[in-house]
1. Just to check your reading of the model, which residue among G23, G53 is in contact with a strand residue (DSSP E or B) (Cβ under 7 Å, 6 or more places away or on another chain), farther than 15 Å from Q4 by Cβ and either among the small types (G, A, S) or more than 16 Å from the ligand (Cβ to nearest atom) (or both)?
2. Are there any pairs with C-beta distances below 7 angstrom linking a residue in the range 48-75 that is on the phi > 0 side of the Ramachandran plot to a residue that is more than 12 Å from the ligand (Cβ to nearest atom) and at pLDDT 95 or above, with the two at least 6 apart or on different chains, and if so which?
3. If I go through the range 81-90 residue by residue, how many of them are surrounded by 14 or more Cβ atoms within 10 Å (Cβ to Cβ) and either within 11 Å of the ligand (Cβ to nearest atom) or within 15 Å of E35 (Cα to Cα) (or both)?
4. Tell me, which residue of the range 2-54 that is of a type in the set (K, R) and modelled with pLDDT of 95 or more is nearest to H103 (Cα to Cα)?
5. Restricting to the range 89-106, count the residues that are farther than 19 Å from G74 by Cβ and not in a loop (DSSP other than H, G, I, E, B).
6. Identify, from the list D11, D15, the residue that is away from the ligand (no atom under 11 Å from the Cβ) and either among the hydroxyl-bearing types (S, T, Y) or at positive phi (or both).
7. Output the qualifying pairs, or none if there are none: Cβ atoms under 9 angstrom, residues six or more apart or on different chains, first residue in the range 89-106 and at pLDDT 95 or above and small (G, A, S), second residue surrounded by 12 or more Cβ atoms within 10 Å (Cβ to Cβ) and part of a loop (DSSP other than H, G, I, E, B).
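The values are calculated or read from the model by the stated rules, or taken from the named source; none is laboratory data. Computed from a predicted model, the values in this text were never measured in an experiment. Quick reminder, even Gly has a Cβ in these numbers, built from the backbone with ideal geometry, and neighbours come from all protein chains shown.
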Amino acid sequence: MSWQRAAAASDLEPDQPLSVQVGDELVALVRTDGEVFAIRDECSHQRVMLSHGVVEDCTLECFAHGSRFDLRTGEALDLPATQPVPVYPVSIEGDDVLVDLDHPIH
Ligand code: FES
């Protein structure tokens with residue numbers, strides 16, 4: 001595992017995605033349902049930023065065409081997106097949000 005600090009946990013508002021650069025990757029951090037999730041901040045349909053989307057029921061909805069992605073698995077739940085988006089393990093240590101880009105969950 002190679003954990004990298006992505007943000008301060010105290011900066012994450014519930015259901016408000018936060019886009020952060022972690023290494024070479026842009027990641028959307030989402031606090032919802034009492035957990036924090038990390039998903040690549042790029043829709044698999046047309047490469048827009050998922051962090052501009054809406055959080056609901058542990059999904060993140062792309063603002064462009066409405067595909068929802070499961071924050072636990074990255075699975076695309078609606079068309080037009082058909083491909084998943086990588087999601088990453090998250091660890092909270094004190095006020096640090098750590099993500100492991102080397103070991104995507106799916
Ligand atoms: S760009 Fe995200 S659904 Fe089309």
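1. G53
2. C58/T32; C58/D70; C58/L71; C58/R72; G74/I39; G74/P84; G74/P86; G74/V87
3. Matching residues across the range 81-90 total 6.
4. R40
5. Residues meeting the conditions: 3.
6. On the way: D11 fails: either among the hydroxyl-bearing types (S, T, Y) or at positive phi (or both).
Going through D11, D15 in turn, just one is away from the ligand (no atom under 11 Å from the Cβ) and either among the hydroxyl-bearing types (S, T, Y) or at positive phi (or both): D15.
7. Qualifying pairs under 9 Å: S91/W3; S91/D100.
Yes/no matrix, rows are residues, columns are (1) surrounded by 20 or more Cβ atoms within 10 Å (Cβ to Cβ); (2) not in a loop (DSSP other than H, G, I, E, B):
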position	(1), (2)
I39	yes, yes
C43	yes, no
F69	yes, yes
T73	no, no
L79	no, no
